[in-house]
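Reading through the structure tokens given below for one structure.
What follows is calculated from the coordinates using simple rules that are stated; it is not laboratory data. Keep in mind that this is a model prediction, so the values were computed, not measured. Cβ coordinates were reconstructed from backbone atoms using ideal geometry, including for glycine residues, and neighbour counts include every protein chain displayed.
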Amino acid sequence: MESKFVPKALDYDLSPYTGLTRESWLEAGMYMLEGIFQNIDDMEKPVVVPRKETEITYPHLKASEEVQKTQRTAEVFEGLTRSFFIAAPVMRNIPDLEICGYSMADYYKNHVLRVCTKGDPLYVGTYADQQEITGHADPFKPFQQTVETCALVICLWISRGQIWDTYTKAEKDTIAEFLQSYAHENTVPQNWRLFNMLDMAFLHMEGYPIQRDIMRDHAQAVLAYYAGDGWYRDGHSFDYYSCWAFNVYGPIWNLWYGYENEPYIARRFEENSDKLMETYGDFFDRDGWTNMWGRSNIYRNAATSAFDGNLMMPRGKADPGRARRISSGSLMQFLGREDFLYQGVPTLGFYGQFSPLVQGYSCAESPLWLGKAFLCLHLPAEHPFWTAKENNGTWEELGEKEVKVTCLDGPALCFSNHQANGETILRTGKVVKRPGDVHGMWNYSKLCYNTKYPWEAEPDGLGTATGEQTEMPQGRSGREAGEPKSIEAGRKQAAEEGDFADEDIAWVEAQQYVLRDGPASERAQAGSAARTETPQSQASKSAEAMSGEKPASARANVTFWHGQRDGILYRRQFFGYNLETECHWIQAINLADFAVPYGILRVDRLRLYKAPVRLTLGSYGFPDNGTEIFEETCGGAKAIILKGRDATGREKQMAMTIFDGWQELSLMHSTGTNPDSEKSLVLYASMERRKHYGGFEPYVLISQVITKESHEDFRREELFPVEEVSYADPERCGSFGPVALRMKDGSVRVVDFDGIEGRMEL
């Protein structure tokens, strides 16, 4: 098979952006199935595919035999049901489908029955069986099989004519009995409730008895998770589960059960789905690409299945032409890359294999959840999703360098569509992760998530930072120097200059502030030895003792949401937030940022209770496949510009500029931390706050990161867009009052944190 999917059926009249048609999607489905079944050498073998990663994913080889036994059955079931997501809708359109010499109808009919039949070697066990294996250690324990039963019933519904209707009454009863064992048993009290609801709804639809009180209990709980703007809260998080779970399973449940039996709840599910459709299209970028954000990113373009969920309802409000454009764009975002597959099966990564992304609840077959995107093929050929002309919605309406910002207070999501580079940038809030949950912070706590710059893992955690600082050439030919009128980015930083040692590179992370206790270097420590015995230092030690903190680095694990005011988004991040410590003993930073044509400009204010500390702020991770590096200055402001290409050869350009508050702008090389390329670069700003109290040191940190999908030079006013910064305090530290930025385009942006304390939402 080809190393990447190349569609043959193209129609640029119907689909002017992607060329993809319904036939193209069928081709893509068959391409995916060929990759899967090339690993299956016998009709009787399950869908268990080659496993490239063995340390994180299950079956966990170091677990007890009992645990491994349950995990091996779960893996068999997961491989079957998630590949079925692709096979079922393709079979619906091509009933006699053969892949690698196997009849798909025969294969799935046989294997579905086998996994449900006690005594069969492939039997995956009922809920009671799994409890028996684990010794009934936890009477409320849920099992992975519950997840997969939901996928199973959806696929049996879609391929009814090819599989479900061909079973005998006895065979249907066997499958139904198996489903009953999970439908009414314990589940996880978040999106998993929907799995039980779909199981029960399918059984009810097929004439089998269910416990309606349990159905009601799950349905009311799911409805209670709704936060507004079409988004549901999944546990404490907001992520794509709201889209590929709540807003897919909810509409299906409506069709199977809700409209007839629970009309109030069904109406609410429908209204919530329609509400999501009002803004969800702007969640994707101009190419239709999906952002790497939240957990389970190995499911990739499954995020587009929310469009199908809406359009399968009789009154769905999604724009069909835009829904298909985004779905097709996101499909090709992944299937169009040569590193997407490993031995024919999607890698455990976002593009290629990427271990920092992988979570312990996944197995080698888990990425096949992306097959949810193929459920759109159950929509008939005459459905508007397939017949409407592709359109690009917002992107067709924006001016050349216009930015559209959508701010949703319910789920605390702010996403901006940047016409200048075609990117969509997501800024999030209402994030709570454990202080040590670095993986959770990567997925949820980054300052920005960019569709064209997937998040970069921290080099410290992987031990892959080179510690190398690169000397940049000064400026570029054809540029004219210009001085800002009143910017003091290079003003004095307390009593002495900061000195950032190579060791600080380990405390840098892309799109994240990293705070580290202590002075910047051994030289700085020696030069200020007396300071360790000052009253300020003693106060710092006392505060540290009272808080129970140890000198260390800290990432922001909690993000409070304030919302947008006058075009400025306000948030607050705490470094090492925990419930045992009063907030005034936890270091924090107030965030204020706004969109500019090519990115985001930050005007953040420190909320510290102790010093000395060091602070770094990283740019996005930049794929390093041969990168040109430039440096430019404008008065006290400094910018570093990177020009290069991603793993596919696509041109990339990024610039980071530091203004007031920052002391240095540097460059870090890393390996193994970027989802796109093995090697990467991270630009980072750094500063040091020396004094525990006093000194009129900076409170406000102003910076900018901009990107472009070409090598065309950024203009001077794009690199240095600020004409003048005005402060309320006479020392120009930004310690209180508004900060006004007069921009070179004539606009004025006023950042004012007054009142934020009274409206912090989590």
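Okay, here's what the table says:
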{"quantity": "Estimated FRET transfer efficiency when R0 is 41 angstrom, pair TYR102-ARG315 (beta carbons, to 0.05)", "calculated": "0.55"}
{"quantity": "Convex hull volume per residue in cubic angstrom - Cα atoms of the chain", "calculated": "162 Å³"}
{"quantity": "Three-way shape label, segment 22-393, alpha-carbon gyration tensor, a/c 1.5", "calculated": "rounded"}
{"quantity": "Prolate/oblate/rounded call for segment 136-268, Cα gyration tensor, a/c under 1.5 rounded", "calculated": "prolate"}
{"quantity": "Electrostatic dipole magnitude of the chain [Cβ: Lys, Arg +1; Asp, Glu -1; Cα centre; debye, to 20]", "calculated": "940 debye"}
{"quantity": "Loop-located GluC sites (Glu not before Pro) in segment 11-77, at most 16 other Cβ atoms within 10 Å (DSSP)", "calculated": "GLU44, GLU55"}
{"quantity": "Segment 657-762: GluC sites (Glu not before Pro) falling in loop per DSSP and having at most 16 other Cβ within 10 Å", "calculated": "GLU678, GLU712, GLU731"}
{"quantity": "Square roots of five times the Cα gyration tensor eigenvalues for segment 268-332, Å", "calculated": "20, 13, 10"}
{"quantity": "Per residue convex hull volume, Cα atoms of segment 155-211, in Å³", "calculated": "75 Å³"}
{"quantity": "Contact order normalised by residue count of segment 105-242, Cα under 8 Å, 6+ apart, percent", "calculated": "21 percent"}
{"quantity": "Options TRP244, LEU398, GLY695, ranked by Cα towards positive dipole end of the chain, top entry (Cβ charges)", "calculated": "GLY695"}
{"quantity": "Relative contact order of segment 22-393, pairs being alpha-carbon contacts under 8 Å that are 6 or more residues apart, as %", "calculated": "21 percent"}
{"quantity": "Ranked VAL508, VAL725, criterion: other C-beta atoms within 10 Å, fewest first", "calculated": "VAL725, VAL508"}
{"quantity": "Lys, Arg +1 and Asp, Glu -1 on Cβ, resulting dipole of segment 22-393 about Cα centre, debye, nearest 20", "calculated": "580 debye"}
{"quantity": "Label-point separation in nm, ALA63 to ARG434, each point 7 Å along Cα→Cβ", "calculated": "1.7 nm"}
{"quantity": "FRET E, pair ASP138, ASN578, Förster distance 45 Å, beta-carbon r, rounded to 0.05", "calculated": "0.95"}
{"quantity": "Packing-based exposure ordering (other Cβ within 10 Å, fewest first) of SER327, SER362", "calculated": "SER362, SER327"}
{"quantity": "Whole-number percent relative contact order across the chain, with pairs defined as alpha carbons under 8 Å at least 6 apart", "calculated": "11 percent"}
{"quantity": "Peptide ranges 341-348, 656-663 listed from the most packed, as the mean C-beta count within 10 angstrom indicates", "calculated": "656-663, 341-348"}
{"quantity": "Calculated FRET efficiency for the pair TYR361/ARG216, C-beta based, R₀ 30 Å, to 0.05", "calculated": "0.60"}
{"quantity": "Segment 192-338: C-alpha gyration tensor shape, a/c 1.5 cut-off, then a/b vs b/c", "calculated": "prolate"}
{"quantity": "HIS711-TRP585 pseudo-label distance in nm [points 7 Å out on the Cα-to-Cβ vector]", "calculated": "5.6 nm"}
{"quantity": "Label-to-label distance, nm, for residues given as ASP42 and ASP754 (7 Å Cα→Cβ offset)", "calculated": "7.7 nm"}
{"quantity": "Cβ-defined net charge surrounding GLY410, 12 Å radius [Lys, Arg +1; Asp, Glu -1]", "calculated": "0"}
{"quantity": "Gain upon complete extension [TYR167, VAL6; 0.36 nm per residue less C-alpha separation]", "calculated": "54.3 nm"}
